[in-house]
Amino acid sequence: MYKPNDLILRTTTSLIAFILLGFAVYLLFAGHNSPGGGFIGGLVTAAAIVLMYMAYGIETVDKVLPINFETLISIGLITAIVTGLGSFLFDVPFLSHTFDYFEFPIFGEVELATAMLFDIGVYFTVVGVTVTIILNIANDQ
Amino acid sequence: MEIIISILAGVLITTGIYNLLQKQFLRIVIGTVLLSHGAHLFILTMGKLKRGQPPILTDGVTDYTDPLPQALILTSIVISFGITSLLLVLAYRTARENNTDNMEELRGTENE
Amino acid sequence: MSNLVVLPIIIPLLAGVIVALFNKKVAVTRTLTKLFSILNLGVAAYLSWIVFTTDSIILETGEWVAPYGIILVADPLASLLVLTTNIVAVACAFYAPHSLSLRQETHYFYAFYFFLITGVSGAFLTGDLFNLFVFFEVLLMASYALIVLGGERIQLRESIKYVLINLFSSILFVTAVAFIYGAVGTVNMAQIAERVQIQGQDGVLTTVAILLFFVFATKAALFPLYYWMPKSYIVPNTVVSALFGALLTKVGIYSILRVFSLIFVHKLELTHETFIWIAGLSMLFGVIGALSTNNIKLIIAYNIIPAIGFILMGLGVFNQDGMSGSVYYLVHDMIIKTALFLIVGVIAYVAGTSDLRKMGGLIHYYPGLGWLLFVAAFVLAGIPPFSGFIGKLLLLQGTLSEYEVVITIIALISSLLILYSVMKIFIRGFWGEKDETGKYEKKSTKGLIGPIVYLLAFSIFLGVGAEWIVPSVESISTYLLDPEIYIESVLKE
């Protein structure tokens with residue numbers, strides 16, 4: 001029987017995937033005023049997910065991550081659009097953004113911007129689109 | 001510096017066109033990728049290349065980097081990323097359905 | 001208030017996403033599509049009403065003042081075209097459920113349909129050259145998805161060529177934007193126009209202008225860049241063909257109209273003179289193509305090319321009548337091309353073939369359909385009092401007042417040939433003996449005829465109601481001929 005020899009891939013994936021995911025979250029939240037952002041954060045997350053698919057196989061990862069990535073695209077887009085539509089409530093031009101500083105227990109003073117909400121929408125969209133495309137090709141045998 | 005980057009963009013576009021004129025799908029896709037890279041570098045060059053200067057808009061500051069080309073390129077990169085992935089899926093499907101990845105064999109003649 | 005401008009872009013985008021969420025429940029998506037299309041039509045009508053009764057509305061997104069931020073400009077031309085787009089879109093939304101297979105519908109047809117509308121409205125409304133590129137890509141992405149919908153062999157084969165040619169011209173577009181940015185240091189259309197005025201349209205800028213023309217001409221399918229268009233427009237489903245025929249090429253010609261009436265207007269003898277010749281050649285080669293084939297969908301697809309030629313001709317002569325003719329013809333052609341594509345779709349469906357040589361005697365079974373085609377052909381060719389006539393009259397007044405006799409003759413001849421090419425469908429398909437073998441048993445055309453009648457009603461209103469419409473069109477043309485109005489309204493100097 002054919003037995004895959006992927007010990008190194010599996011071991012490193014379990015390490016690297018977490019580093020990638022953590023870095024992706026950092027990129028996402030730093031994105032509104034320093035290098036990073038929803039797009040690149042989404043790509044890094046997608047890379048981590050695809051790496052897990054490669055190492056553990058589609059069935060296993062589907063069980064661990066029961067996410068419908070096509071729905072994720074819609075959710076991301078809706079988040080982004082609704083953030084833009086928020087400007088209608090405050091009667092300012094479309095896509096206007098604002099920010100303020102908040103005091104949090106552990107993190108201390110943190111800058112929160114509405115641009116970040118938009119970035120989160122972009123993040124979900126990018127993860128959804130990238131993983132959907134790659135899985136589409138990979139599943140077609 | 002601008003001249004070097006312009007030449008580099010030119011080389012990228014030339015190789016892109018060369019690949020675009022090939023018959024194999026994969027080469028064509030790589031050709032479009034190279035072409036868009038050439039175009040992106042070109043935008044960057046058009047905004048003047050400076051290193052180590054901040055992109056700011058304040059009166060009285062004379063030495064700054066132009067932030068607009070970078071914004072344009074970022075948008076353009078995202079778009080070309082999307083189109084490249086779409087093109088890859090499309091080329092793959094087309095090759096499977098038509099049993100060929102050769103452009104010469106994909107001529108439609110039934111309506112002529 | 002100014003946020004109203006963004007609604008025709010945001011509503012279809014939101015609708016597309018919502019429809020994608022309910023993808024599996026076809027009944028829900030159909031209803032939602034119709035509701036959102038009508039809502040969007042209402043918003044577009046309200047926007048045009050405000051723009052025509054008061055003034056252009058400018059939206060500076062994110063409170064970034066022009067020329068630094070991205071701006072959306074709802075001026076009379078843009079809002080008129082957005083309104084027309086939505087008129088066409090509503091017809092397609094009602095036609096689609098009866099024409100598409102269930103598999104195509106659940107393959108996100110409605111979502112991509114809305115994204116297409118988003119891109120088209122955005123391209124009309126934007127006041128920024130780079131943003132125009134972005135909206136072009138949005139509508140092209142949607143069109144790539146729509147053209148392969150169904151995934152048949154011939155569709156995949158033609159769509160890869162379609163994608164490649166559009167991708168190539170998009171890359172040229174980016175390069176042209178880079179050149180413009182290098183030459184004048186801005187991508188805001190009003191500011192480009194202002195700076196080109198100040199520093200003069202020298203050789204570099206004229207070259208960039210021609211490069212931009214090349215890009216838009218590829219999208220608009222003008223001679224000699226139309227070769228990719230006819231075949232890729234006939235492979236997808238009829239609704240998709242109708243949307244493409246009505247909207248995609250028109251966005252290209254709209255961009256030419258905008259750029260060459262606002263920015264590059266200082267070397268008329270070089271650019272606009274060439275346009276007249278290109279327009280003439282487009283008309284000739286387009287009708288030759290239409291006459292050469294027996295495929296009914298291909299006949300209509302080829303007829304797009306001379307129409308674009310007519311619109312470019314009006315821009316080429318660049319006077320009051322010519323420009324009014326172009327704008328009028330643009331609106332007329334968007335509506336009538338959709339109607340024709342939809343009619344031809346019904347014919348191909350009831351006859352079971354799109355080959356004219358295998359048809360005949362359809363009038364005995366479908367008299368209503370036959371007369372609809374007859375009227376549509378008259379509207380297209382410009383028989384008075386229909387809308388094609390008013391458009392062509394204005395255009396020819398424009399050319400004759402500039403003593404462009406050759407192009408006038410070409411335009412008249414090609415109008416006749418256009419009439420012949422569409423009448424050929426009527427003569428060969430509908431005339432003839434009643435087929436007794438039962439080859440065409442009566443098929444239900446329920447739901448397919450309504451949208452066509454609705455579009456033709458608009459078309460006839462455009463022609464009969466010319467008294468009311470022509471003054472507004474003439475005000476648009478005055479507005480286009482004076483770039484200062486646009487520049488001042490955007491930059492507020």
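Observations on the model:
- Per-region count, the range A:81-107, residues facing chain C (nearest Cβ under 10 Å) and either surrounded by fewer than 11 Cβ atoms within 10 Å (Cβ to Cβ) or of a type in the set (D, E, K, R) (or both): 1
- Among residues of the range C:116-129 being buried (at least 24 other Cβ atoms within 10 Å of the Cβ), of a type outside the set (Ser, Thr, Tyr) and part of a helix (DSSP H, G or I), the one that is nearest to the chain's Cα centre (by Cα) is C:Val120.
- Residues in the range C:35-63 that are more than 14 Å from every other protein chain (Cβ to nearest Cβ) and closer than 21 Å to A:Leu77 by Cα: C:Leu35, C:Ser37, C:Leu39, C:Asn40.
- Filtering A:Gly42, A:Gly36 for residues that are assigned to a loop (DSSP other than H, G, I, E, B) and surrounded by 19 or more Cβ atoms within 10 Å (Cβ to Cβ) leaves a single hit, A:Gly36.
- Within the range C:147-191, tally of residues that are in contact with a Leu (Cβ under 7 Å, 6 or more places away or on another chain) and more than 10 Å from chain B (Cβ to nearest Cβ): 3
- Cβ separations smaller than 8 Å between residues 6+ apart or across chains give the following pairs from the range A:119-135 residues that are crowded, with 22+ Cβ neighbours inside 10 Å to residues that are of a type in the set (D, E, K, R): A:Gly128/A:Glu70.
- For A:Ile49, the test of being within 14 Å of another protein chain (Cβ to nearest Cβ), surrounded by 15 or more Cβ atoms within 10 Å (Cβ to Cβ) and under 17 Å from the mean Cα position of the chain (by Cα) is failed.
- Per-region count, the range C:19-34, residues in a helix (DSSP H, G or I) and either aromatic (Phe, Trp, Tyr) or surrounded by fewer than 21 Cβ atoms within 10 Å (Cβ to Cβ) (or both): 8
- Looking across the range C:108-139 at every residue that is of a type in the set (Ser, Thr, Tyr) and under 23 Å from C:Thr31 (Cβ atoms), the one that is farthest from the other protein chains (Cβ to nearest Cβ) is identified as C:Tyr113.
- Apart from one condition, C:Leu83 fits all of (1) farther than 25 Å from B:Ser85 by Cβ; (2) at the interface with another protein chain (Cβ under 10 Å from one of its Cβ atoms); (3) out of contact with any Asp or Glu (no Cβ under 8 Å at 6 or more places or on another chain); (4) without any contact (Cβ under 8 Å) to a residue 60 or more places away in the chain; the exception is (2).
- Meeting the requirement of 1 or more residues that are more than 16 Å from C:Ser159 (Cβ to Cβ) and among the hydrophobic types (A, V, I, L, M, F, W, C), the helices (runs of 4 or more DSSP H) wholly within the range C:182-263 are C:189-199, C:203-220, C:238-243, C:249-262.
- Looking only at the range A:62-80, and only at residues there that are within 14 Å of the chain's Cα centre (by Cα) and more than 13 Å from chain C (Cβ to nearest Cβ), the one that is nearest to A:Gly128 (Cα to Cα): A:Ile67
Bear in mind these aren't lab numbers, they're just calculated from the coordinates by the rules spelled out. Fair warning: this is a prediction, and the values are worked out from it, not measured in the lab. Note that each Cβ is placed from the backbone with ideal geometry, even for glycine, and that neighbours are counted across all protein chains shown.
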